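In what follows, a single structure is set out as structure tokens and then discussed.
The values are calculated or read from the model by the stated rules, or taken from the named source; none is laboratory data. These numbers come from a predicted model, not from an experiment. Don't worry about glycine lacking a Cβ; one is built from the backbone with ideal geometry, like all the others, and counts go over all protein chains shown.
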Amino acid sequence: MKKLFENKYITIAARIILGAVFMYASFDKMAHPEAFANIIDNYHLLPYQLVNGLAIFLPWLELITGLLLITGTWVRASLMIYTALLVVFIIALSQALLRGLDISCGCFSVNPSSTSEVWLRIIEDIILLAVSILMLKYSPIDKKNLTENNNLINQTN
């Protein structure tokens with residue numbers, strides 16, 4: 001795996017795929033925040049007072065994180081956010097599945113009639129999570145920039 005993710009072209013392709021998934025997932029949620037708030041509330045995880053704020057904030061976080069990954073800006077930080085969000089999504093989907101909640105996951109569409117198999121979304125998220133973690137662990141992304149920044153900081157002190 002290490003050799004695979006040390007390849008510059010594999011890393012770029014993985015960044016673009018991960019970023020595109022999050023960006024695509026954000027569009028319908030941003031266009032319909034009320035419907036997305038209802039979907040979040042259906043998970044029965046958060047107090048209702050937090051649902052509306054999350055319905056507005058989360059799609060923008062997904063969009064910006066995806067955009068940063070695609071453009072190659074702040075990649076390590078973006079991957080950390082990406083990884084954390086995927087863990088939260090997997091936990092939310094898993095608890096809904098285990099509790100037998102019959103809900104639309106809200107992953108890519110806020111249309112309540114767009115049903116998706118929750119277990120399939122969990123598997124997809126686990127695959128994305130594995131790629132994200134492998135990139136964080138093995139990819140040389142930002143290591144050059146990190147070294148240059150440390151040298152610049154040391155020179156100014």
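Quick look at the values:
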quantity	calculated
Matching residues, the stretch 72-86, being among the aliphatic types (A, V, I, L, M) and surrounded by 14 or more Cβ atoms within 10 Å (Cβ to Cβ)	Val75, Leu79, Met80, Ile81, Leu85, Leu86
The stretch 76-97: number of residues that are modelled with pLDDT of 95 or more and either of a type in the set (Val, Ile, Thr) or over 18 Å from the mean Cα position of the chain (by Cα) (or both)	7
When residues of the stretch 98-113 are limited to those that are of a type in the set (Gly, Ala, Ser) and loosely packed, with under 13 Cβ neighbours inside 10 Å, the one modelled with the highest pLDDT	Gly100
Selection from the stretch 54-70 of residues that are free of Cβ contacts under 8 Å to residues at least 12 places away in the same chain and within 12 Å of the chain's Cα centre (by Cα)	Ile64
Qualifying residues in the stretch 43-89 (those that are among the polar types (S, T, N, Q) and in contact with a helix residue (DSSP H, G or I) (Cβ under 7 Å, 6 or more places away or on another chain)) - the one nearest to Ala130 (Cα to Cα)	Thr83
Qualifying residue in the stretch 19-30 (condition: touching a Cys at 6+ places or on another chain (Cβ under 8 Å), under 21 Å from Pro112 (Cα atoms) and in contact (Cβ under 8 Å) with a residue 24 or more places away in the chain)	yes
Positions within the stretch 1-53 being more than 16 Å from the chain's Cα centre (by Cα) and of a type in the set (Lys, Arg), in sequence order	Lys2, Lys3, Lys8
Hey, Phe57 modelled with pLDDT of 95 or more, in contact with a Gly (Cβ under 9 Å, 6 or more places away or on another chain) and farther than 24 Å from Ala14 by Cα or not	no
Whichever residue in the stretch 32-53 is over 19 Å from Ala96 (Cβ atoms) and without any contact (Cβ under 8 Å) to a residue 24 or more places away in the chain and, among such residues, is surrounded by the most Cβ atoms within 10 Å (Cβ to Cβ)	Asn52
Residue check for Thr11: more than 22 Å from Ile123 (Cβ to Cβ), outside any helix (DSSP H, G or I) and among the hydroxyl-bearing types (Ser, Thr, Tyr)	no
